[in-house]
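What follows is calculated from the coordinates using simple rules that are stated; it is not laboratory data. Model, not experiment: these values are computed from the prediction. Positions of Cβ are backbone-derived with ideal geometry, glycine not excepted, and every protein chain shown enters the neighbour counts.
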Amino acid sequence: MTDDEWQAHVTREAAKAIGRWLEGRGGLHHPLRSLTTPDLEAMAAKANDRFVMLAAERIKDKPQEAASLRWLLAG
């Protein structure tokens, strides 16, 4: 998978995580303007969690291609 393909994959996965979060709070039919700051922070956290999980998997599977992602997981 090229870097561009991986970025597209991660973006789709993050969007899915946000969609699952929205569905869990009562559905996708609510207007976006009804979202509060904590709602937006929760969506961002879900997307970030998914990205970190995918980055960790990529580092584990192909460490030679993922050196630029290591800083994300460093403490």
query: Of the listed peptides 22-32, 49-59, 4-14, what is their order by residue-averaged count of other C-beta atoms within 10 Å, with the highest listed first?
result: 49-59, 4-14, 22-32
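Please list the equivalent ellipsoid semi-axes of the range 2-51, computed as the square roots of five times the alpha-carbon gyration tensor eigenvalues, in descending order and whole angstrom. Can you show the working numbers first?
Values: eigenvalues 107, 23, 15 Å².
Gyration-tensor ellipsoid for the range 2-51: 23, 11, 9 Å.
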- prompt: Where in the range 8-25 is the amide nitrogen less than 20 Å from a point lying 7 Å along the Cα-to-Cβ axis of Asp61?
  reply: 8-18
message: Output wanted: per-residue J couplings in Hz (rounded whole) for the range 8-22, from phi through Karplus 6.51 cos²θ - 1.76 cosθ + 1.60, θ = phi - 60°, x for Gly and Pro.
response: 5, 4, 4, 4, 4, 5, 5, 4, 5, 4, 5, x, 4, 5, 4
